[in-house]
Amino acid sequence: MTPDLFEPDAPSTEPLEPGAVVLRQFASSHQAALLAAVQAVTEQAPFRHLVTPGGFTMSVAMTNCGALGWVSDRSGYRYDAIDPEGGRPWPAMPEPFAALAARAAAAAGFDGFAPDACLINRYRPGTRLSLHQDRDERDLRQPIVSMSLGLPAVFQFGGATRGERPRRVPLAHGDVVVWGGPARLHFHGVLPLKDGSHPLLGDCRINLTFRKAG
Ligand code: SIN
Ligand code: FE2
């Protein structure tokens with residue numbers, strides 16, 4: 001028998017701060033189902049670059065699945081049941097997505113998480129996501145569950161104010177970050193993605209962010 005200690009891909013839990021945790025390799029064994037689901041969603045609701053209320057085009061490409069999708073345009077940020085690009089409801093949240101997100105939330109101490117929104121972000125080398133708070137959701141007692149696939153990235157996790165220097169958290173394919181409770185409104189972002197090629201995803205990183213938005 002090989003002890004877990006010597007298994008490079010064995011899941012492990014890494015506390016970041018009260019309410020925030022990295023679940024290393026939590027999603028790895030589900031990669032095939034997750035990637036197939038991303039493919040199915042993007043065939044119906046392709047990745048697009050949204051415009052911020054300030055008029056800037058985001059470098060991260062986004063789409064959604066689930067009852068609600070996060071969108072941004074010149075009028076602001078919001079959750080919408082309709083994909084503004086296709087005029088139809090967002091694709092349903094694939095069953096393996098919701099189940100895995102609920103298990104990740106529970107592993108981080110948040111029982112009963114039932115996400116109704118999954119934002120799918122696509123990063124290419126050079127793409128970054130500047131520091132922000134996730135605050136468009138109705139019930140801030142519900143956590144955020146964020147799964148990383150593909151190229152590695154450096155996640156920034158800061159404090160309750162923009163001024164606090166964020167810590168740098170390297171994230172690899174299969175890692176899941178959960179934050180809620182006292183960390184729910186903490187600022188976070190992603191540093192510019194480095195060049196590279198991932199065996200399954202090539203030159204991109206996909207992030208799935210699950211929320212209970214409505
Ligand atoms: C997000 O904050 O919405 C995404 C974070 C990430 O890509 O890891
Ligand atoms: Fe976020």
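The values are calculated or read from the model by the stated rules, or taken from the named source; none is laboratory data. Keep in mind that this is a model prediction, so the values were computed, not measured. No Cβ is skipped: glycine too gets one built from the backbone with ideal geometry, and neighbour counts run over all protein chains shown. Heavy atoms of the whole protein, side chains included, go into the accessibility calculation; ligands, DNA and RNA do not. Shrake-Rupley method; radii C 1.70, N 1.55, O 1.52, S 1.80 Å.
A few remarks follow.
- Among the residues of the range 118-157, those that are aliphatic (A, V, I, L, M) and more than 12 Å from ligand 2 (Cβ to nearest atom) comprise 120, 140, 147, 149, 151, 153, 154.
- Residues of the range 74-98 satisfying the condition of being open to solvent by less than 70 Å² (accessible area, probe 1.4 Å), farther than 19 Å from residue 129 by Cβ and touching a residue at least 24 places away in the same chain (Cβ under 8 Å): 83, 86, 90, 91, 93, 94, 96, 97, 98
- Among residues of the range 168-177, those that are open to solvent by 10 Å² or more (accessible area, probe 1.4 Å) and within 26 Å of residue 102 (Cβ to Cβ), counted: 3
- Odd one out for residue 71 among (1) closer than 23 Å to residue 133 by Cα; (2) touching a residue at least 24 places away in the same chain (Cβ under 8 Å): (2)
- Filtering 211, 124, 165, 141 for residues that are more than 12 Å from the chain's Cα centre (by Cα), open to solvent by 10 Å² or more (accessible area, probe 1.4 Å), within 15 Å of ligand 1 (Cβ to nearest atom) and charged (D, E, K, R) leaves a single hit, 124.
- Test: residue in the range 56-73 that is open to solvent by less than 10 Å² (accessible area, probe 1.4 Å), part of a loop (DSSP other than H, G, I, E, B), within 30 Å of residue 19 (Cα to Cα) and not basic (Lys, Arg): yes
- Neighbours by Cβ (under 6 Å, 6+ apart or cross-chain): first from the range 140-151, over 15 Å from residue 64 (Cα atoms) and modelled with pLDDT of 95 or more; second surrounded by 24 or more Cβ atoms within 10 Å (Cβ to Cβ) and of a type in the set (Asp, Glu): 148/175
- Output for the range 178-199, where each listed residue is more than 12 Å from ligand 1 (Cβ to nearest atom), more than 13 Å from residue 143 (Cβ to Cβ) and surrounded by 13 or more Cβ atoms within 10 Å (Cβ to Cβ): 192, 196, 198
- Hits in the range 181-194 (condition: of a type outside the set (Lys, Arg) and more than 13 Å from ligand 2 (Cβ to nearest atom)): 181, 182, 191, 192, 193
- For residue 148: the one exception among (1) away from ligand 1 (no atom under 13 Å from the Cβ); (2) closer than 23 Å to residue 38 by Cα: (1)
Residues are listed down the side, and each one gets a yes or a no for (1) touching a helix residue (DSSP H, G or I) at 6+ places or on another chain (Cβ under 8 Å); (2) at pLDDT below 95; (3) surrounded by 12 or more Cβ atoms within 10 Å (Cβ to Cβ):
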| site | (1), (2), (3) |
| --- | --- |
| 6 | no, yes, no |
| 39 | no, no, no |
| 48 | no, no, yes |
| 51 | no, no, yes |
